[in-house]
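Structure, as structure tokens:
The values are calculated or read from the model by the stated rules, or taken from the named source; none is laboratory data. All values derive from a computational prediction rather than experimental measurement. Virtual Cβ from ideal backbone geometry, glycine too; neighbours counted across all protein chains shown.
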């Protein structure tokens, strides 16, 4: 039996080489693509960086144009933050059967690489105070209580596009984001900030502490 296999292989060496080529070439191609994803060439890195810069510039200019037309002292306009891959409830969007999580947030600042939103909404401000080297939640009437607002920062790289068109149900522009985790908004930073007023009575926010660094207390868990 073994001798017959060896004899057949010798007689069909060309066929086996061709078969190996058909099987091996796609595997080598896939391995090469995986390698390129792990270690892209300098040209690919440059092209990716330029594409990222162009995308950020486009979104920055859209936001800048919008914000300059607003007339609010406390923020630069309200937006819906949502997942681009899932549909908004109460719409005729057809690209998904699953509803997107969403939140309505007030834009407070825009930068070259990211946007910042006030996220406290109907929950209102949070009161915190300094204890030794850490910040803790507290009551409004506590000594040294600081009234803060939750701020979320989203990088332009996590935003696919902005849908400026409103409809009869959703009146706010929509920031369409890429969600790396299904039900977690793609904030690159969450922090508490104190609201201040400029000499022109315009609001600006000063960072107090990151949300992850805030120590829970009995009051906060109640």
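How many residues does segment 117-159 hold that are under 19 Å from the mean Cα position of the chain (by Cα) and at pLDDT 90 or above?
13
Being in contact with a strand residue (DSSP E or B) (Cβ under 6 Å, 6 or more places away or on another chain) and either closer than 28 Å to residue 64 by Cα or outside any loop (DSSP other than H, G, I, E, B) (or both) is the filter here; which residues of segment 130-142 pass it?
Residues satisfying the conditions are 134, 135, 136, 137.
Of the residues that make up segment 168-175, is at least one loosely packed, with under 15 Cβ neighbours inside 10 Å and part of a strand (DSSP E or B)?
No, that holds for no residue.
Do we find that residue 198 is surrounded by 11 or more Cβ atoms within 10 Å (Cβ to Cβ) and either at pLDDT 90 or above or over 15 Å from residue 80 (Cα atoms) (or both) in this structure?
When the stated conditions are applied, residue 198 does not pass them.
Out of (1) part of a strand (DSSP E or B); (2) over 30 Å from residue 51 (Cβ atoms); (3) in contact with a helix residue (DSSP H, G or I) (Cβ under 7 Å, 6 or more places away or on another chain), the odd one out for residue 148 is which?
The failed condition is (3).
Which of the residues belonging to segment 116-129 are assigned to a helix (DSSP H, G or I) and either on the phi < 0 side of the Ramachandran plot or surrounded by 15 or more Cβ atoms within 10 Å (Cβ to Cβ) (or both)?
The answer is 122, 123.
A quick yes/no check of all residues on (1) free of Cβ contacts under 8 Å to residues at least 40 places away in the same chain; (2) under 22 Å from residue 67 (Cβ atoms):
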{"residue": "165", "(1), (2)": "yes, yes"}
{"residue": "168", "(1), (2)": "yes, no"}
{"residue": "171", "(1), (2)": "yes, yes"}
{"residue": "180", "(1), (2)": "yes, no"}
{"residue": "186", "(1), (2)": "yes, yes"}
{"residue": "189", "(1), (2)": "yes, yes"}
{"residue": "201", "(1), (2)": "no, yes"}
{"residue": "205", "(1), (2)": "no, yes"}
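What single numbered condition from (1) assigned to a helix (DSSP H, G or I); (2) within 14 Å of residue 79 (Cβ to Cβ) fails to hold for residue 161?
Looking at each condition in turn, residue 161 falls short on (1).
Being free of Cβ contacts under 8 Å to residues at least 60 places away in the same chain and closer than 17 Å to residue 166 by Cα: is that true of residue 67 here?
Against the criterion (free of Cβ contacts under 8 Å to residues at least 60 places away in the same chain and closer than 17 Å to residue 166 by Cα), residue 67 qualifies.
What residue, of 187, 192, is under 30 Å from residue 86 (Cα atoms) and not in a strand (DSSP E or B)?
Every option except 187 fails the conditions.
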